[in-house]
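Following: one structure in structure tokens, then a few remarks.
Any read-out appearing in this document is the output of simple, stated calculations on the displayed coordinates, not a laboratory observation. Bear in mind the structure is a predicted one, so any value in this text is a computation, not a measurement. In this analysis, Cβ positions are derived from the backbone assuming ideal geometry, glycine residues included, and neighbour counts consider all displayed protein chains.
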């Protein structure tokens with residue numbers, strides 16, 4: 001599928017998914033131009049995970065990318081983490097967020113952005129949320145590598 005193709009998204013307002021109803025109970029609709037609050041940040045991991053699970057069921061997503069999505073969702077629900085949440089608390093969710101955002105970022109190379117947007121349960125644009133997480137990750141990883149290599153070179 002070409003990125004230039006237009007995909008029509010038909011949204012049925014009567015069809016409410018369970019997660020969307022729960023999310024609506026927690027978050028009130030924001031005014032345009034208002035920055036994200038703490039609740040939005042806390043919901044980013046579940047929003048991205050739900051997005052992955054919804055893309056799994058979409059026929060427009062190639063099978064190889066569905067396998068990638070399964071791996072991302074499996075990591076989130078796996079009790080084995082790089083940074084365990086039971087030990088590190090909310091900080092332990094960062095690795096899950098990075099894996100899910102990285103998986104979605106990779107999927108965007110082959111899945112039309114409008115398909116991704118049609119399944120997005122969060123506020124704002126799905127592509128912006130994915131980009132923000134991956135940009136933050138790249139910045140943190142780059143800073144960490146500079147620090148490690150800097151300390152090695154000083155020795």
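What the table shows:
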item: Per-pair calculated FRET efficiency, R0 = 41 Å: residue 86 and residue 128 via Cβ, rounded to 0.05; result: 0.85
item: Convex hull volume per residue in cubic angstrom - Cα atoms of segment 18-154; result: 146
item: Contact order relative to length of segment 18-154, as percent, for alpha carbon pairs under 8 angstrom and 6 or more apart; result: 25
item: Calculated FRET value between residue 60 and residue 136, using beta carbons and R₀ = 35 Å, to 0.05; result: 0.75
